[in-house]
Structures are given as C-alpha cells and as structure tokens.
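What follows is a set of notes on a single structure, which appears directly below.
Rule-based calculations on the coordinates, nothing more; no lab input. Model, not experiment: these values are computed from the prediction. Positions of Cβ are backbone-derived with ideal geometry, glycine not excepted, and every protein chain shown enters the neighbour counts.
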Amino acid sequence: MTPPPDINQYKELARRYGLGSTPESVSRLTQLVARQDSDVDEIVRVIEKDPGLSARLLRVANPHAENEADYSVDSVEAALMRNGIGCALLLAMGTPLSLALIKTFQTMLSLKLEAVDRNQFDVLTGLHMRGSIGFVGKVVGHVYLRMSIPAAKTVAAGILGIAPDEVGGNDELSDVIGELSNIMTGNFKSNLCDAGLDCKLQPPKVGLSEDYSTPVEPGGGIERLAFRAGDLLIFVEVTANPWNE
Amino acid sequence: MAIKILSVDDSRTIRLIVGKAFKPYECTMLEAGNGEEGLVVAAREKPDLIILDVTMPVMDGVTMLTKLKEDAELKTIPVIMLTAESGRENVLQIARLGVRDYLVKPFKEDQLLEKAGRCVTLVKRAAAPAAPVAPAT
C-alpha cells in the first residue's frame, strides 16, 4: 500500500524544486468540495472571503445575465443552493487553470494575458482552433481551449520563437495548442489530486472545428472564461462533475 | 567533447523549446517522443542529462525513470522532470525514484539552463568566425 503523502517532505521538495503553490482559498475550497459531507456554510465562508471567487461563482450561477444588474442569483449561498457544490468545484478548477494560462503567456510569449468578461466580446464564429482534454476519476469533465486561426498562429509563433508566417501546417499548430492545453490542465489536475479528487488526464484532442457545443456531464456544471492580450482573444470552457464513483 | 542531452516529451513543441534553450551551448541534442523510445536512445547514446516529461503515451515518464534507475548502466544519468503536474503525490513519488530536479511547465529557458547547469557543465559555443568581407571595388 502506498504510504500517505508526507506534507512536510513535499513542502521541502517544493521549496528545493521551486514549485509554485495554489492560492490558499482555492486549496481550501477544493478540499471542502472533495468531501461529500462538507458543510455548505463553510464553503460559503471560504468563497465569500475571496472577492474573485465570489464574483466568478455568481457569474456561473447566472449564465444568461449580461451584467451584474441582471443577476437573479445574487448571493454566494443562493448560488450554491441553486447550482450545487459542482459550481464550487468549477471555481476550484478554474483558478489554477486561469493562473496557468496567464503564466504561460507571460513566460513563453512575454504577453500579459488578462481575464475578461466573456459577455463583452463576440464569441468566435466559423472555423477555429479547438483543443480539448478530458479528465476521468473521482471527478470527470473536459477543458476546451478555443481561438481563431490567426490567434493560434500568433500563439504558436510566440511559443516557438518564429514569425507567424513561418508556422508550419496544422500539425505544428495542433501540437502547440495541444501542449498549451496540457499545461493549463496539468496545473489544475494537481490541485484536484492534492485535495483527494484523484483523476487522470486524457490525451489532448486538437484540430480545426466549427463545433461550438460544450457537452456537460450529467449533473455537472460549466464555467466559461475569456482572456485577452491586445487583439488576441482566448476562450476557455471547463465542465465538471465531482464524485464520479 | 560535446555533452549529450536527451529530451523525452511527446510534444514536438516542448522538444523544440528545449533544443532552442541549449543551442548556444556545446551539446548534442537527442530526442524521443515517449518513455519507451527514451530508454532505447538512453541505452544507445548514454546521454549526460535527460529532460523527461511525465504524461506521455506508450510509456510515461515515471515508468521510464523507474526503469532507468533499475539499469546499472543508466541509473547515474541525472534526470530533470519537466511537467505541468506538480501534485503532491506525483512529486513525492518522483523524488523517491531519485530524480535530480523538477521543473513545472510553463518554464523560462533560463530556469531550465540553471537546473541543467547544476547537473552538467554547460560550455558556450565559440562564436562562428565572421565571414570574410569582400574588398570594395
């Protein structure tokens, strides 16, 4: 039998290797969500202490609202009552995912990517580049990464250190977007596993697509995120359903 | 003699980035797309350093690392894990197997070079001699 993880040993290794850590509020939230018998009041307290998490939960709980004035669900508690704990799980996943995406753009493209309100931007239409990664285990779901073809070329060129017109065919484009999807997803998977929601990632599926549907697992939820750096727009969707056992 | 560095990753993008990072240095880059191929290249070339991904098809990085450490001829080759996953159990398991260092994606070239420099001596390539300039006529 595998011995239980040694927290102190891990902290020492994390220090030695220079590993980053997930924000405390997100780690705590993930641990609470991972327990099927967790106290909803405690989850509410953790989310309410973090204005970013609260705002995102309300956005998830009001999927059709164009702005805060249109919210029919206007408190963290009401959002959790209406949408269930799965909503909180999406927050727990979306934060490390967003941080990883922003860090990747900063580190590998020297671009300052910022999270933006998805409703303020025209959603992609027509053929676009789509990467998706599924995860299975105690939590199941998918992460979708979408961008226009010119945006994908800009991203690929930046990561590979070449000019956009030097980017090869769809294979090269797909490999870069697939790796970007891997980096995003790997970071939040670590957070889920640390909280006891063990899951495995499936290989990324990347290609040109006209399909904008985002299937949601039965009983699960979806969070839609958008990011911008200048003219570059990146769309991300996360679907998840915990306790798949 | 140039050192040999083996990059094992299923992503060609990452292998390109790793190769680009070491380009200014006297080293020969070797590549493999999964752990199985990585073991073959490692046994044949005896690299001085292995940069190893975790999640790969056919054979993952943890299995390759385990097999490297079981092989008397290969077990002393330093390995740096290069992965997007830094989960507690992953890190502890890999550390117990005897990995030299761990780098989480996304990463900067400088970070990779710094960690590699702790395992092998990196020597800058001599600047190429300037092309002779034709005298003006």
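If I stretch the segment between residue A:112 and residue A:228 completely, what's the gain in nm (0.36 nm per residue apart, minus their alpha carbon distance), one decimal?
Taking 0.36 nm per residue and subtracting the Cα distance, the gain is 40.9 nm.
Given +1 on the Cβ of Lys and Arg, -1 on the Cβ of Asp and Glu, and no further charges, what dipole in debye does the stretch B:1-74 carry about its Cα centre, rounded to the nearest 20?
Numbers: 9 positive and 13 negative charges, 56 e Å.
That gives a dipole near 260 debye.
With each pseudo-label sitting 7 Å past Cα toward Cβ, what's the residue A:81-residue B:28 distance in nm, one decimal?
Spacing of the two 7 Å Cα→Cβ label points: 7.1 nm.
Enter the angle in degrees (range 0 to 90, nearest 10) between the Cα long axis of helix B:35-45 and the first principal axis of the Cα atoms of chain B, meaning the one along which they spread out most.
Long axis of B:35-45 versus the principal axis of chain B: about 50 degrees.
In terms of modelled amide H atoms, which long-range or inter-chain residues lie less than 5 Å from the amide H of residue B:82?
B:52, B:53, B:54, B:103
What GluC sites (Glu not before Pro) does the stretch A:44-77 have in DSSP loop regions with at most 15 other beta carbons within 10 Å?
A:66
Nearest 10 degrees, 0 to 90: what angle lies between the long axis of helix A:24-34 and the longest principal axis of chain A (Cα atoms)?
Roughly 70 degrees between the two axes.
Enumerate the amide H contacts of residue B:3 below 5 Å, restricted to partners 5 or more residues apart or on another chain; note that Pro and chain-start residues carry no placed amide H.
For residue B:3, the qualifying residues are B:28.
Can you find, among B:91, B:35, B:63, the residue sitting farthest towards the positive end of the charge dipole of the stretch B:3-117, where Lys and Arg contribute +1 and Asp and Glu -1 at Cβ?
Farthest towards the positive pole: B:91.
Relative to the first principal axis of the alpha-carbon coordinates of chain A, what is the inclination of helix A:85-109, with its axis defined by its Cα atoms, in degrees from 0 to 90 and to the nearest 10?
Rounded to the nearest ten degrees, it is 40.
So if R0 is 25 Å, what FRET efficiency would residue A:11 and residue B:93 give, r being the distance between their Cβ atoms, rounded to the nearest 0.05?
Step by step, r from the Cβ atoms, then E = 0.95.
In what sequence do B:100, A:28 fall when counting other Cβ within 10 Å, fewest first? Working shown, then result.
Numbers: B:100 16, A:28 20.
Ascending number of Cβ neighbours within 10 Å: B:100, A:28.
Calculate one ³J(HN,Hα) per residue across the stretch A:161-176 by plugging θ = phi - 60° into the Karplus curve 6.51 cos²θ - 1.76 cosθ + 1.60, and present them in order as whole Hz with x for glycine and proline.
Couplings: x, 10, 7, x, 6, 8, 5, x, x, 4, 4, 5, 4, 5, 5, 5 Hz.
Taking each residue in B:78-84, count the Cβ atoms of any other chain within 10 Å of its Cβ, then average. What number comes out?
Per-residue shielding by partner chains comes out at 3.
What fraction, in whole percent, of alpha-carbon pairs in the stretch A:1-67 exceed 20 Å separation?
So the pairs more than 20 Å apart make up 50 percent of the total in the stretch A:1-67.
To the nearest whole number, what is the average tally of beta carbon atoms from other chains within 10 Å of the beta carbons of peptide A:183-194?
5
Just grab the label-to-label distance for residue A:67 and residue B:114, each label 7 Å out from Cα along the Cβ direction, in nm (one decimal).
Result: 4.5 nm between the two label points.
Suppose only helical runs count, i.e. DSSP H with n ≥ 4. What mean residue ellipticity at 222 nm does that imply for chain B under -39500 (n - 2.57) per run, divided by all residues and rounded to the nearest 500 deg cm²/dmol?
Counting only the DSSP helices, I get -11000 deg cm²/dmol.
Per residue of the stretch A:117-130, what does 6.51 cos²θ - 1.76 cosθ + 1.60 with θ = phi - 60° give for ³J(HN,Hα)? Whole Hz please, x for Gly and Pro, Karplus curve as stated.
6, 4, 5, 7, 10, 5, 6, 4, 10, x, 5, 8, 8, 10
Can you give the calculated 222 nm mean residue ellipticity of chain A, where each DSSP H run of n ≥ 4 adds -39,500 (n - 2.57) and the sum is split over every residue, rounded to the nearest 500 deg cm²/dmol?
-14500 deg cm²/dmol
With a Förster radius of 51 Å, plug the Cβ-Cβ distance of residue A:121 and residue A:21 into 1/(1 + (r/R0)^6) and report the FRET value to the nearest 0.05.
Once the sixth-power term is evaluated, E becomes 0.95.
Across the residues of B:95-104, average count of Cβ atoms on other protein chains within 10 Å?
Mean inter-chain Cβ contacts per residue within 10 Å come to 3.
With an 8 Å cut-off on Cα pairs and a minimum separation of 6 or more residues, tell me the relative contact order of chain A in percent.
Here the relative contact order equals 24 percent.
Scan the stretch A:62-135 for chymotrypsin sites (Phe, Trp or Tyr not before Pro) in coil per DSSP, keeping those whose Cβ has at most 14 other Cβ atoms within 10 Å, and list them by number.
Those that pass, being in a loop and sparsely packed, are A:121.
Among A:130, A:224, A:45, which comes first, then next, by fewest other beta-carbon atoms within 10 Å?
Taking fewest neighbouring Cβ atoms as first place, the list is A:45, A:224, A:130.
Along each of the three principal axes of the Cα atoms of chain A, give the extent in whole Å, ordering the values from largest to smallest.
54, 48, 31
Put +1 on the Cβ of every Lys and Arg and -1 on every Asp and Glu Cβ in the protein assembly as shown; which of A:14, B:78, A:214 then has its Cα farthest towards the positive end of the dipole?
So the residue we want is B:78.
Just check the stretch B:3-117 against the gyration tensor rule for me: Cα atoms, a ≥ b ≥ c as the square roots of the eigenvalues, rounded for a/c under 1.5, and otherwise prolate or oblate depending on whether a/b exceeds b/c.
rounded
In whole angstrom, how far apart do the alpha carbon centroids of the stretch B:1-59 and the stretch B:109-123 sit?
Each part reduced to its Cα centre gives a spacing of 14 Å.
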